Amino acid sequence: MLGKTANAIFWMFRYLERAENTARLLEAGFRMALTRGGDAAGEEWRSVINTLGMDEAYEAKHESYSGPEACDFILRDRDNPECVMAMVENARNNARLSRTSITTEVWEAVNEAWMTLKGLLTRQVREANLSHVLYSIRREATQVRGATYGSMLRNDIFHFARAGTFVERADNTARILDVKYHLLLPSLAHVGSRLDAGQWESILRALSARRAHREVIHAGKPDASGIAELLILDPRFPRSLAYCYDTLSENLSALAAIHGQESQCNSLMREAETKLSETSIDDIFDRGLHEFLVDFISSNRAIANAIAEDYRFTH
Amino acid sequence: MSKKAESNFDEMYYADGSVRPAYSQYQDWFEKQDPSDMRLKDKEAEGLFRRAGITFNVYGDTAAEERLIPFDMVPRIISGNEWRKLSRGIEQRVRALNAFIHDLYHRQEIVRSGRFPERLLRQNEAWLPQMVGFTPPGHVYTHIVGIDLVRTGPDEFMVLEDNARTPSGVSYMLENRETMIAMFPDLFAGINVQKVSDYPARLARSLAACAPPATTGKPVIAVLTPGIYNSAYFEHAFLADQMGAELVEGADLRVVEGRVQMRTTAGFKPIDVLYRRVDDEYLDPLTFNPDSVLGVPGIFDVYLAGGITIANAPGTGIADDKAIYSFMPDIVEFYTGEKPLLPNVPTWRCAEPDSLAYVLDNLEELVVKEVHGSGGYGMLIGPTASKKDIKAFAKKLRAKPENYIAQPTLALSTCPVFTKAGLAPRHVDLRPYVLVSPNGIDLTPGGLTRVALKKGSLVVNSSQGGGTKDTWVLDD
């Protein structure tokens, strides 16, 4: 397949994943802000915007953090190149670029996602309508994923698609964890406080992990470190860093097998996977969760760059 | 029915209102349909096109809106007999076109014989001196041709235009049929319509048969597109997808070891046949427009050395110029030794003083077209133009007469379209798609029917309010 097409597939799935995770984070923020009100709600929105890395663009436009303004900015503001609508558009453009590599089912799912969300996001979203919009974003992303699973041949194209998904998901999970931890738990002394429990609850919500968390509680680990362990190291949880890397590693091995040789991304992957599997949650807390996450995000980026380089995405 | 429409040939109904044989089964079916269901179907069709993303971009539209070409769900039906006759005429014409282009770039026998003026070559921007003396692989110049036909009576089909560069619209021929089958499966169970769905396979076969000498193994085909912002990008992707070919842009290609190669995830791979949807001018910045970023530096040298087939061949545009069109009856006769089976529309070349005088005297009855124009732009339709428009046009015409040809305003045939008030006649034309390879000329039964959706309008171009119809050739 063409390098350009591999690039388009990879990014199509990155953008879709990012759009979905952005919607999840927004949903969690909305819940938190609702239960808190006033300045605390503003703080919550600041934290959401910060997690998404949109703070500079947001502050250039707005003086304070409020629910309606933050939601509009995240979902559909043309001044925000990272808004959900822009990501869905990017995903669709990449799908058009790789139209000859995806099935009609996948193309139509992406195209319908774009049409549906374009319709929902032409005007500012009213608060009463927000949960419907967020539901639609998740649903459309699920449709594309389902079409991909159900109709695509398990060849190089599929593996580039999955690689894009898991590179992005790992990055997003790490960022969500980092900002929440970084902002709200400057020292281990706060672990176990009431505020802390609320914040972890919002992380679980953002990662659709509440059900998984109940399972973990059954296993007798209801504290912050138990939750962190679930989200970072539990290979059974599909948004955990460990799960993302198990899958990504399989995709990259499959790509190496198809191309008849291992390359730079495979060795970086192996290194990162080994590191992750040899780390315990206590090691992470001892060393500092923030430091761990910063390292992770940067090595994740290095893997993504190596994939682009190894498979001639742009040159 | 308006008075004007009554004087036209209607393809579905006789003048007395009874139905013509080709449409009788359709008519029976249509009468059994509930009108409100049909109105719903009309909406459904639009949804199907939107979902499939069969849209085109409008140049210069900053909002980057994607538009649909309106689809009319009443099929345009041609009997097997009519089609067989048409096919012979089309094949003859396409054979002549290829021989003509070959001759122009070689001995120019037609010029020597005095039947074709040399000045038309010298003045023509589509003429490529770089092609002189070169013969493309398989001796094929026009791998894909679209012949635009109009009809004025039961047996009167005429050629309005030859599209020998990169005829577009074939994806609509295919998608219109898919849409019809999805919406009205029962219709196809009862009526034997010849299939068009194998066009991409035929195209792939035809292109592969024109592979260059450098090919080793099964020919590798790629479609070259200017990119996703091109108005016909959907079609480029569609054809590549259906053929199982790669869809490439200039930036994916590079000349390596005397071959044009595409950058794949496993390194550079040679391409044998390039179905390009990029104009000659942009093909190779080293040979043509140096500012082009859409092409491949050095591809033309590879081409001349037998390393790649470019379809259609560079320089074929010489044959679809409107001034040259007027010579087609002579051209057909010169190369085939036969009388043309399909006539031209009578055409006045304004470059000739007698013709110019006639055209100027009769502007209000004529259609005047720019020689190099396309898409229905820059033309005058005398009968519907205002006095002021005619005066302004006459001035342009006098200033540069060689830029124009004129034709009578034809009584174009009509075919019914579906409207809220029921069936209503509208003017149509037809573009069949013809494939040329050393194995012969291959004509897919059907084509693109364009329809002027505005009552009384003669302009079928999609850029000016035209729509399309599924075109049936009956298997009878």
Legend entry - Selection within segment A:170-203 - in contact with a Lys or Arg (Cβ under 6 Å, 6 or more places away or on another chain) and at pLDDT 80 or above: A:T173
Legend entry - Those residues of segment B:251-265 which are within 14 Å of chain A (Cβ to nearest Cβ) and without any contact (Cβ under 8 Å) to a residue 12 or more places away in the chain, in sequence order: B:D252, B:Q261, B:R263, B:T264, B:T265
Inset, instruction - Report yes if some residue within segment A:87-94 is without any contact (Cβ under 8 Å) to a residue 40 or more places away in the chain, touching a Phe, Trp or Tyr at 6+ places or on another chain (Cβ under 7 Å) and open to solvent by 30 Å² or more (accessible area, probe 1.4 Å); otherwise report no. - result: yes
Inset, instruction - State which residue pairs qualify: first residue within 12 Å of chain A (Cβ to nearest Cβ) and inside segment B:36-53, second residue loosely packed, with under 13 Cβ neighbours inside 10 Å in any location, beta carbons under 7 Å apart, and separation of 6 or more residues or different chains. - result: B:L48/B:A182
Legend entry - Residue identified as more than 18 Å from the chain's Cα centre (by Cα) and within 14 Å of another protein chain (Cβ to nearest Cβ) among B:F268, B:F188: B:F268
Inset, instruction - Those residues that are small (G, A, S), in contact with a helix residue (DSSP H, G or I) (Cβ under 8 Å, 6 or more places away or on another chain) and within 14 Å of chain B (Cβ to nearest Cβ), I need them from segment A:244-279; list them, please. - result: A:A254, A:A256, A:S263
Inset, instruction - Would you be able to say whether some residue in segment A:146-162 is basic (K, R), more than 14 Å from chain B (Cβ to nearest Cβ) and touching a Ser or Thr at 6+ places or on another chain (Cβ under 8 Å)? - result: yes
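Results for (1) in contact with a helix residue (DSSP H, G or I) (Cβ under 6 Å, 6 or more places away or on another chain); (2) buried (at least 18 other Cβ atoms within 10 Å of the Cβ); (3) not in a loop (DSSP other than H, G, I, E, B), shown as yes or no for each residue.
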site: B:G227; (1), (2), (3): no, no, no
site: B:F234; (1), (2), (3): no, yes, yes
site: B:F238; (1), (2), (3): yes, yes, yes
site: B:D241; (1), (2), (3): no, yes, yes
site: B:L247; (1), (2), (3): yes, yes, yes
site: B:A251; (1), (2), (3): no, no, yes
site: B:R254; (1), (2), (3): no, no, yes
site: B:V260; (1), (2), (3): yes, yes, yes
site: B:R263; (1), (2), (3): yes, yes, yes
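Among the residues in segment B:278-287, are any without any contact (Cβ under 8 Å) to a residue 12 or more places away in the chain and within 11 Å of chain A (Cβ to nearest Cβ)?
Checked against the condition, which is being without any contact (Cβ under 8 Å) to a residue 12 or more places away in the chain and within 11 Å of chain A (Cβ to nearest Cβ), segment B:278-287 yields no hits at all.
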Inset, instruction - Starting from residues that are closer than 30 Å to B:V248 by Cα and open to solvent by less than 30 Å² (accessible area, probe 1.4 Å), keep the ones in segment A:118-141 and report whichever is nearest to the other protein chains (Cβ to nearest Cβ). - result: A:E140
Legend entry - Of residues in segment B:277-319 being open to solvent by 10 Å² or more (accessible area, probe 1.4 Å), part of a helix (DSSP H, G or I) and in contact with a Pro (Cβ under 8 Å, 6 or more places away or on another chain), the one nearest to B:I228 (Cα to Cα): B:Y282
Inset, instruction - Tell me which residues, restricted to segment A:58-86, are part of a helix (DSSP H, G or I) and either open to solvent by less than 40 Å² (accessible area, probe 1.4 Å) or closer than 30 Å to A:T5 by Cβ (or both). - result: A:Y58, A:G67, A:A70, A:C71, A:D72, A:F73, A:I74, A:L75, A:V84, A:M85, A:A86
Inset, instruction - Within segment B:150-167, track down each residue that is open to solvent by 20 Å² or more (accessible area, probe 1.4 Å) and of a type in the set (K, R). - result: B:R165
Legend entry - Wholly within segment B:30-147, helices (runs of 4 or more DSSP H) carrying at least 3 residues that are open to solvent by 10 Å² or more (accessible area, probe 1.4 Å) and either on the phi > 0 side of the Ramachandran plot or at pLDDT below 90 (or both): B:35-52, B:119-122
Inset, instruction - With the condition kept exactly as written, say whether any residue in segment B:348-360 is part of a strand (DSSP E or B), surrounded by 18 or more Cβ atoms within 10 Å (Cβ to Cβ) and of a type in the set (A, V, I, L, M). - result: no
Inset, instruction - Take A:T103 and decide whether it is within 10 Å of another protein chain (Cβ to nearest Cβ), touching a residue at least 24 places away in the same chain (Cβ under 8 Å) and open to solvent by 30 Å² or more (accessible area, probe 1.4 Å). - result: yes
Inset, instruction - Six or more apart or on different chains, Cβ under 6 Å: which pairs go from a residue in segment A:1-24 that's farther than 21 Å from A:T51 by Cα and more than 11 Å from chain B (Cβ to nearest Cβ) to one that's open to solvent by 20 Å² or more (accessible area, probe 1.4 Å) and of a type outside the set (F, W, Y)? Could you list them? - result: A:M12/A:N94
Inset, instruction - Answer yes or no: is there a residue in segment A:71-85 that is modelled with pLDDT of 95 or more and within 14 Å of chain B (Cβ to nearest Cβ). - result: yes
Inset, instruction - Looking only at segment A:63-81, decide whether some residue is closer than 30 Å to B:A222 by Cβ and charged (D, E, K, R). - result: no
Legend entry - Hits in segment A:303-315 - residues which are buried (at least 16 other Cβ atoms within 10 Å of the Cβ) and either within 21 Å of A:D223 (Cα to Cα) or more than 14 Å from chain B (Cβ to nearest Cβ) (or both): A:I303, A:A304
Inset, instruction - Please specify each residue of segment B:110-140 satisfying the condition of being touching a residue at least 60 places away in the same chain (Cβ under 8 Å) and among the acidic types (D, E). - result: B:E125
Inset, instruction - Return yes or no: is A:A40 modelled with pLDDT under 95 and either more than 14 Å from every other protein chain (Cβ to nearest Cβ) or buried (at least 23 other Cβ atoms within 10 Å of the Cβ) (or both)? - result: yes
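For (1) exposed (fewer than 15 other Cβ atoms within 10 Å of the Cβ); (2) at pLDDT below 90; (3) assigned to a helix (DSSP H, G or I), each residue gets a yes or a no:
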position	(1), (2), (3)
A:R205	no, yes, yes
A:G220	yes, yes, no
A:T247	no, no, yes
A:N251	no, no, yes
A:L255	no, no, yes
A:Q261	yes, no, no
A:S267	yes, no, yes
A:R270	yes, no, yes
A:V294	yes, no, yes
Inset, instruction - Would you kindly identify the strands (runs of 3 or more DSSP E) lying entirely within segment B:400-476 that contain at least 1 residues that are surrounded by fewer than 17 Cβ atoms within 10 Å (Cβ to Cβ) and over 17 Å from the mean Cα position of the chain (by Cα)? - result: B:404-408, B:414-419, B:422-431, B:440-443
Inset, instruction - May I ask you to verify whether A:R145 is part of a helix (DSSP H, G or I) and basic (K, R)? - result: yes
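Okay, residues lined up against (1) in contact with an Asp or Glu (Cβ under 8 Å, 6 or more places away or on another chain); (2) of a type in the set (S, T, N, Q); (3) closer than 22 Å to A:L204 by Cβ:
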| residue | (1), (2), (3) |
| --- | --- |
| A:D223 | no, no, yes |
| A:I232 | no, no, yes |
| A:D246 | yes, no, yes |
| A:S263 | yes, yes, no |
| A:D295 | no, no, no |
| A:A302 | no, no, no |
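The values are calculated or read from the model by the stated rules, or taken from the named source; none is laboratory data. Since the model is a prediction, treat every value here as computed from it, not as a measurement. In this analysis, Cβ positions are derived from the backbone assuming ideal geometry, glycine residues included, and neighbour counts consider all displayed protein chains. When the accessible area is computed, the model is the full protein with side chains, heavy atoms only, and any ligands, DNA or RNA have been set aside. Shrake-Rupley method; radii C 1.70, N 1.55, O 1.52, S 1.80 Å.
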